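The values are calculated or read from the model by the stated rules, or taken from the named source; none is laboratory data. The shown structure was predicted, so the numbers you read here are calculated from the model rather than taken from an experiment. For neighbour counting, all protein chains shown are included, and Cβ atoms are generated from backbone atoms with ideal geometry for every residue, glycine included. Side chains are part of the model used for accessible areas, which takes the heavy atoms of the whole protein and leaves out ligands, DNA and RNA. Shrake-Rupley method; radii C 1.70, N 1.55, O 1.52, S 1.80 Å.
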Amino acid sequence: MSEENQIITLTDEEGGEHQFSVIDIIEVDGSEYAILLPLVEGEEGEEEAVILKVDSDDEGNEILMDIEDDDEWEKVADA
């Protein structure tokens with residue numbers, strides 16, 4: 001993930017597609033994290049940023065993953 005302000009489409013567990021704008025890519029403790037903003041507003045017009053970890057799959061392709069560890073999430077959110 002090198003370019004900011006790009007539009008990406010992510011697929012949820014049910015197969016639904018959602019578009020996000022990449023707001024920023026940050027590095028915390030040697031790992032990269034993507035800060036994403038949904039292009040469709042949430043309930044009551046609220047926009048809530050999403051933070052996903054940038055990782056690589058077995059073939060070396062960049063993928064975005066949920067942050068499973070609460071301490072890791074807090075550290076990234078504070079950054």
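State the number of residues belonging to region 12-21 that are over 13 Å from LEU52 (Cβ atoms), open to solvent by less than 90 Å² (accessible area, probe 1.4 Å) and modelled with pLDDT under 90. Total satisfying the criteria: 0. Would a scan of region 62-72 turn up a residue that is surrounded by 10 or more Cβ atoms within 10 Å (Cβ to Cβ), touching a helix residue (DSSP H, G or I) at 6+ places or on another chain (Cβ under 7 Å), modelled with pLDDT of 90 or more and among the aliphatic types (A, V, I, L, M)? Yes, region 62-72 has at least one match.
Scanning region 48-79 for residues that are part of a loop (DSSP other than H, G, I, E, B), within 14 Å of the chain's Cα centre (by Cα) and free of Cβ contacts under 8 Å to residues at least 24 places away in the same chain gives GLU48, ASP66, GLU68. The residue pairs whose first member lies in region 28-40 and is farther than 13 Å from ILE67 by Cβ, whose second member is at pLDDT below 90 and assigned to a loop (DSSP other than H, G, I, E, B), and whose beta carbons are closer than 7 Å, counting only pairs six or more residues apart or on different chains, are LEU37/GLU47; LEU37/ALA49; PRO38/GLU47.
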